[in-house]
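The values are calculated or read from the model by the stated rules, or taken from the named source; none is laboratory data. Because the structure is a prediction, the values reported are computed rather than measured. So basically every Cβ, Gly included, is an ideal-geometry build from the backbone, and we count neighbours across all protein chains shown.
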Amino acid sequence: MKDARQSLKEVFPAIFVVSVFTLGCLCLGNGDSDDAEEGSVVEERDRAGDEELGDPCVLKSAPRGRFVSGATYQQVDAGMAHTCAIDPQGAVECWGENESGESDPPSGTFQEISMGREYSCGIDDGGAIECWGEGINNALADKEPPSGNFQTLAVDGDHACAIADDDSVQCWGWGAPNDDRLDLPDGSYEQVMVSSNYTCALETSGSIVCRGHEVEQGTMAGVPSGEFKQITSGGVHGTSRYDCAINSEDAVVCWGGDSVGGSSPPDGAFMDVSAGFSYSCGLRTDGTLDCWDNINGEHTDSPAGTYTQLSSHTHHHCAIRDDDRVVCWGSSSPNDHLVPPCEPEDFG
């Protein structure tokens with residue numbers, strides 16, 4: 001994630017020069033027209049003086065509306081029905097549902113965050129893990145994260161994992177009997193991902209290792225061999241599940257149930273990929289987004305522009321634009337988790 005942002009800065013150094021923006025909202029239609037169709041051209045609008053917008057911080061849009069924050073952020077992560085982001089000072093800000101306290105982050109400064117299902121965690125500037133929320137059915141209410149210093153982490157609704165400074169993986173949460181989702185083999189790892197009933201990690205050698213009920217039952221059969229740079233947990237359609245990864249040649253590779261179109265991603269070079277339940281998105285090496293439907297593999301409309309980081313979960317997606325503002329889009333209702341917080345003066 002950090003590598004992707006750095007790569008884009010190296011490719012497009014000019015876009016990181018501080019500028020003054022009056023742009024306030026990216027939207028798909030304006031919600032007032034019967035012909036605001038999914039897949040129409042994204043329109044950029046200045047919030048200042050636009051009477052149609054009403055509240056300058058919230059746009060009532062078409063079902064797949066797009067919303068952009070007024071403030072700037074250095075990382076965003078989408079959960080099942082909430083979203084959190086790290087601001088330039090390192091503080092965490094969250095919006096969306098808050099059934100278990102998943103949108104009530106602690107004070108302090110953080111270097112990385114990860115959102116799951118009614119559960120959120122972050123690595124603070126000292127390397128320690130702090131979590132908030134209780135998880136699905138309170139599965140993580142009494143589960144304390146491990147102590148020590150950590151590099152990166154991933155959370156779901158019933159378990160979470162993190163990579164320590166010694167490159168080992170440590171997991172916590174709920175695991176069924178004879179289910180080894182919490183017990184990856186000893187080794188040296190650089191990234192971990194978690195999903196319902198299984199865990200996968202990327203070894204420093206580039207190999208992918210997966211454990212858990214779905215893997216053992218064959219639902220997640222077909223974990224690819226070879227060398228990879230990044231992995232992401234995918235979605236569920238019926239009994240089919242899938243995951244995706246970026247290989248050493250910058251191509252996206254997906255695997256899982258045959259009925260899931262997400263196993264056929266678009267061609268081209270990518271530096272980030274993130275999978276949701278409805279559709280997946282990739283961040284190309286030129287900074288543009290490319291999204292595809294997980295059911296039939298067809299290309300879907302995605303926000304225009306260039307971006308530095310991407311995050312997907314369930315039915316919504318968020319990305320950090322090249323001006324460091326967060327853009328969120330998706331099809332869930334209500335749309336609270338799609339609307340980043342802002343103040344009217346942010347667009348002055």
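Do we have residue 82 as in contact with a His (Cβ under 7 Å, 6 or more places away or on another chain) and either buried (at least 24 other Cβ atoms within 10 Å of the Cβ) or of a type in the set (A, V, I, L, M, F, W, C) (or both) here?
On the way: in contact with a His (Cβ under 7 Å, 6 or more places away or on another chain): yes; either buried (at least 24 other Cβ atoms within 10 Å of the Cβ) or of a type in the set (A, V, I, L, M, F, W, C) (or both): yes.
Yes; evaluated as a whole, the condition is true for this residue.
Does residue 184 meet the test of being out of contact with any helix residue (DSSP H, G or I) (no Cβ under 7 Å at 6 or more places or on another chain) and under 24 Å from residue 207 (Cβ atoms)?
On the way: out of contact with any helix residue (DSSP H, G or I) (no Cβ under 7 Å at 6 or more places or on another chain): yes; under 24 Å from residue 207 (Cβ atoms): yes.
It is true that residue 184 is out of contact with any helix residue (DSSP H, G or I) (no Cβ under 7 Å at 6 or more places or on another chain) and under 24 Å from residue 207 (Cβ atoms).
One residue stands out among those in the stretch 65-78 that are surrounded by 23 or more Cβ atoms within 10 Å (Cβ to Cβ), modelled with pLDDT of 90 or more and not β-branched (Val, Ile, Thr): the one that is farthest from residue 135 (Cα to Cα), which is 75. Quick check: is even one residue across the stretch 277-299 among the aromatic types (Phe, Trp, Tyr), in a strand (DSSP E or B) and modelled with pLDDT under 90? So far as the stretch 277-299 goes, yes, one or more of its residues are among the aromatic types (Phe, Trp, Tyr), in a strand (DSSP E or B) and modelled with pLDDT under 90.
Within the bounds of the stretch 250-269, is there any residue that is closer than 22 Å to residue 94 by Cβ, modelled with pLDDT of 65 or more and not in a strand (DSSP E or B)? Outline the logic, then answer.
Kept after step one, since they are closer than 22 Å to residue 94 by Cβ, are these residues of the stretch 250-269: none.
No, the stretch 250-269 has no match at all.
Selection over the stretch 67-81 of residues that are assigned to a strand (DSSP E or B) and of a type outside the set (Val, Ile, Thr) gives a count of 7.
Determine which member of the set 158, 186 is over 22 Å from residue 87 (Cα atoms) and more than 23 Å from the chain's Cα centre (by Cα).
On the way: 158 fails: more than 23 Å from the chain's Cα centre (by Cα).
Testing whether each residue is over 22 Å from residue 87 (Cα atoms) and more than 23 Å from the chain's Cα centre (by Cα) leaves just 186.
Considering every residue within the stretch 96-110, establish whether at least one is touching a Ser or Thr at 6+ places or on another chain (Cβ under 7 Å) and buried (at least 24 other Cβ atoms within 10 Å of the Cβ). Checked against the condition, which is being touching a Ser or Thr at 6+ places or on another chain (Cβ under 7 Å) and buried (at least 24 other Cβ atoms within 10 Å of the Cβ), the stretch 96-110 yields at least one hit. From the residues in the stretch 165-183 that are at pLDDT below 80 and more than 23 Å from the chain's Cα centre (by Cα), which one is surrounded by the fewest Cβ atoms within 10 Å (Cβ to Cβ)? Looking at the filtered set, the residue picked out is 177.
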